Amino acid sequence: QVHLVESGGGLVQAGGSLRLSCATSGRTSSTYDMAWFRQAPGKEREFVAGITWTGSSTYYADSVKGRFTISRDNAKNTVYLQMNTLKPEDTAVYCCAAHFGTNWSRITEYFTWGQGTQVTVSS
């Protein structure tokens, strides 16, 4: 079983940066594709970024492309989301999740979720 714990959220001004971390644990946690999702109040959960277990391929939502970078350090069992040039519309709870399918945006293809970390961007 894979266990995920996010950290690094907080309050930042528009244009600022934050780096989120997702610590994974479990016998084979470093061999899973991983992704970040976010959910703003009153909105559906949406895909933000994904990374294959080797780190060789990454995928981004159009809304964050060029501003966010997903990476991983399998030796540390940690996945990161570097967020730059943050906008008020990036305000949400950010969760990491372990992916087993082929469609990164399909929530049903994720089998483990973290509890989330709040990111608030002030204007």
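The values are calculated or read from the model by the stated rules, or taken from the named source; none is laboratory data. Source: prediction; values computed, not measured. Note that each Cβ is placed from the backbone with ideal geometry, even for glycine, and that neighbours are counted across all protein chains shown. When the accessible area is computed, the model is the full protein with side chains, heavy atoms only, and any ligands, DNA or RNA have been set aside. Shrake-Rupley method; radii C 1.70, N 1.55, O 1.52, S 1.80 Å.
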Value of relative contact order over the stretch 15-92, rounded to a whole percent, pairs C-alpha under 8 Å and six or more apart: 38 percent
Linear extension gain, residue 31 paired with residue 77, 0.36 nm per residue minus alpha-carbon span: 15.6 nm
Cysteines without a disulfide-compatible partner [the chain; Cβ-Cβ under 4.7 Å]: 95
Area of residue 6 that stays accessible when all protein chains are in place (1.4 Å probe, Å², to 10): 10 Å²
Prolate/oblate/rounded label for the chain (Cα gyration tensor, a/c 1.5): prolate
5 angstrom amide H check on residue 91, placed H, neighbours 5+ away: 121
Other-chain or far-sequence residues with amide H under 5 Å of residue 33's (modelled H): 53, 99
Backbone HN-Hα couplings from phi across the stretch 74-87 [Karplus 6.51/-1.76/1.60, Hz, Gly and Pro as x]: 5, 5, 9, 6, 9, 10, 10, 9, 8, 10, 10, 6, 5, 10
Accessible-area ranking of 72, 27, largest first, probe 1.4 Å: 27, 72
Euclidean distance of C-alpha centroids, the stretch 47-85 and the stretch 87-111, integer Å: 11 Å
Residue 85 versus residue 65: modelled label distance in nm, points set 7 Å from Cα along the beta carbon direction: 1.3 nm
